[in-house]
1. Being of a type outside the set (Phe, Trp, Tyr), over 22 Å from Leu106 (Cα atoms), buried (at least 20 other Cβ atoms within 10 Å of the Cβ) and at pLDDT 50 or above narrows it down to one of Leu177, Leu214, so name that one.
2. Consider Leu83 carefully, then state whether it is buried (at least 23 other Cβ atoms within 10 Å of the Cβ), of a type outside the set (Phe, Trp, Tyr), touching a residue at least 60 places away in the same chain (Cβ under 8 Å) and touching a Gly at 6+ places or on another chain (Cβ under 6 Å).
3. With respect to the numbered conditions (1) more than 22 Å from Leu104 (Cβ to Cβ); (2) open to solvent by less than 40 Å² (accessible area, probe 1.4 Å), which one is the sole condition not fulfilled by Met1?
4. Just checking: which of the helices (runs of 4 or more DSSP H) contained wholly in region 21-93 hold 2 or more residues that are under 13 Å from Leu115 (Cα atoms) and of a type in the set (D, E, K, R)?
5. Can you confirm whether region 131-142 contains a residue that is under 22 Å from Tyr33 (Cβ atoms) and surrounded by 14 or more Cβ atoms within 10 Å (Cβ to Cβ)?
6. Determine whether Ser120 is under 18 Å from the mean Cα position of the chain (by Cα) and closer than 30 Å to Ala51 by Cα.
7. For Leu146, state whether it is open to solvent by 70 Å² or more (accessible area, probe 1.4 Å), assigned to a helix (DSSP H, G or I), modelled with pLDDT of 90 or more and closer than 18 Å to Ser86 by Cα.
8. Condition test on His190, is it touching a helix residue (DSSP H, G or I) at 6+ places or on another chain (Cβ under 9 Å) and at pLDDT below 85?
Amino acid sequence: MGLLKSRAFSIGIAAAMLNRLVLSGMTYLVSMYLELVKGYSTRFTGFLLLAPSLLIVITGPVSGTLSDYIGSRRLCTLAGVFLFISVSVFVVFDETIALSVIILALVFRGISMGLFAPPSLRLVLTSAPGELQGAASSFWYFSRYLASTIGIVVFETIFDHWIRGDEPAGTTGAIHLLHPIAGLETGFDHAFLVGVLFVVGMIALTVQLREGELMEEAGADQEAPS
C-alpha cells in the first residue's frame, strides 16, 4: 500500500480504474440498449459487441510498441478521447440511431480498449521501484477488476433509478422489459452521461502525468534504502 504514497502511481491507478469502470458499465448497458431500444436479437447484439472488441488484437500490441518510442501519456489520452466519443454517441442518439453509427461507436470503444491498457500499465510500472514491479502490476490488475464490478453497479443503479421514477412505489421485478421505450431512453441517457463525466475525469488525470517525473520518482525510491 506504500506505493500509493507516490502521486504518479496513484494518478495512474485512478485513471486505469475510471477507464475500466466506464468500459464495463458501458458494455453492460449497451447490450440492454441494443435489445430493448433497438429491438436486436440476443445473437446479433452479442456479435455487435464482440466484433469491434477484436480490434484489441491489433491496437493492443501496436499501442504497447508505440509507448516504448513516444511514451504512454499521449496514447492514454488518445484512448480517452476515443472512449469519450463512443460513450457520447449513446447519450445523444435515440431509437432512430443508424446501425452504422452504433458500429462506429463500438469500433471507437474497441480501439480505446487496446490503446489504453498497455501504456497505462507501463505508466504505473515506471512509477514503482524495481523491486516492487510485481506488486505494482498486481495492484494495477486488481484495481481494474474492482472497477469492472463497480462500473456495472454504478451504471445499472443510475439506469434503474430513472426508469423506476414513474413507477408506483414498491414496484419490483424486471420492469425494464415492459417499460416504454421513451422511459428506457431517459435511463440510458443519464447513465451514459455519467459515463462521459467519468471519461473526462480519466482524461484529466492522464494529462497530468509526466513520464519524466515518474522515472525520477522511481529512481529516488530505489536510491532511498541505500
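1. Numbers: Leu177 fails: buried (at least 20 other Cβ atoms within 10 Å of the Cβ).
Just one listed residue meets the conditions, Leu214.
2. Criteria not met by Leu83.
3. For Met1, the failing item is (2).
4. Details: elements: 42-53, 56-70, 73-92.
Hits in region 21-93: 73-92.
5. For region 131-142, residues under 22 Å from Tyr33 (Cβ atoms) and surrounded by 14 or more Cβ atoms within 10 Å (Cβ to Cβ): absent.
6. When the stated conditions are applied, Ser120 passes them.
7. no
8. No, not satisfied.
The values are calculated or read from the model by the stated rules, or taken from the named source; none is laboratory data. Everything quoted here is computed from the prediction, not taken from an experiment. Every residue, glycine among them, receives a Cβ derived from its backbone with ideal geometry; neighbour counts consider all protein chains shown. Accessible surface is based on the protein model in full, side chains and every heavy atom, while ligands, DNA and RNA are left aside. Shrake-Rupley method; radii C 1.70, N 1.55, O 1.52, S 1.80 Å.
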